[in-house]
Ligand code: RDL
Ligand code: RDL
Ligand code: RDL
């Protein structure tokens with residue numbers, strides 16, 4: 001089992017390092033890292049991690065900025081990541097933290113780290129322990145900020 005980590009230099013926190021550290025806490029798997037300039041470069045990085053470097057699942061980590069053009073950029077990157085999943089039949093866990101989700105740099109750093117760690121656990125579950133996800137079905141999970149919880153407790 002090999003997990004790929006694709007991340008960017010645009011992001012303001014080293015999301016790839018955090019993801020690697022978290023995955024290692026939960027599973028003994030190979031890890032392949034691929035750093036690109038920005039989120040629009042992630043789809044092909046993920047495709048190469050899968051097809052050329054033998055990854056079974058990939059995490060794509062990035063930080064869309066707060067401007068309108070960054071939102072468009074994030075949507076395009078997402079479309080590319082979904083296309084790549086369909087082309088390769090492999091999961092790509094997209095971990096995007098929009099810069100304007102946080103009120104300041106301190107909260108942004110916290111959110112980027114927290115969402116990355118929680119999705120790293122999701123990646124391990126998807127790859128190795130899918131039954132763990134089944135137990136969480138319909139429970140209102142979120143990554144980063146608080147879980148919302150089920151509508152009918
Ligand atoms: O291929 C080089 C760049 O075009 C690519 O790295 C882009 O993803 C860079 N980029 C933008 O051009 C932009 O307008 C990024 C953002 N916004 C953004 O919000 N977040 C990024 N990259 O990671
Ligand atoms: O690949 C991991 C996540 O990117 C993926 O599970 C997304 O579908 C999660 N997600 C968002 O990132 C988001 O901004 C979801 C929503 N919004 C949403 O409204 N409903 C979801 N997922 O089920
Ligand atoms: O309702 C508040 C948030 O859940 C909502 O704003 C989400 O869209 C925030 N979000 C993203 O914007 C995103 O790109 C989330 C994810 N990814 C994600 O992977 N997991 C989340 N929220 O819980």
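What follows is calculated from the coordinates using simple rules that are stated; it is not laboratory data. Quick caveat: nothing in here was measured; it's all calculated off a predicted structure.
Some points to look at:
- In plain terms, the chain from residue 135 to residue 35 could stretch by 32.6 nm, reckoned as 0.36 nm per residue minus the Cα-Cα distance.
- Note on the stretch 42-153: Cα convex hull, mean projected area over all directions, 8.1 nm².
- When the convex hull of its Cα atoms is projected in every direction, mean area for the stretch 35-90 (nm²): 3.5 nm²
- Alpha carbon convex hull of the stretch 60-114, projected area averaged over orientations, nm²: 3.8 nm²
- Based on C-alpha pairs under 8 angstrom that are at least 6 apart in sequence, the chain has a relative contact order of 24 percent.
- Cα centroid separation - the stretch 124-142 against the stretch 18-87, whole Å: 20 Å
- Gaussian network model of the chain, springs between alpha carbon atoms under 10 Å - residue of 51, 113, 134 with greatest fluctuation: 134
- In the chain, the calculated helix contribution to ellipticity at 222 nm averages -15500 deg cm²/dmol per residue, counting -39,500 (n - 2.57) for every DSSP H run with n ≥ 4.
- Note on the chain: with a GNM built from Cα contacts shorter than 10 Å, the maximum mean-square fluctuation among 72, 97, 58 falls on 72.
- Antiparallel %, DSSP beta bridges [both residues in the stretch 1-122], to 5: 0 percent
- Residue with peak Gaussian network fluctuation, the chain [Cα springs, cutoff 10 Å], from 38, 30, 62: 30
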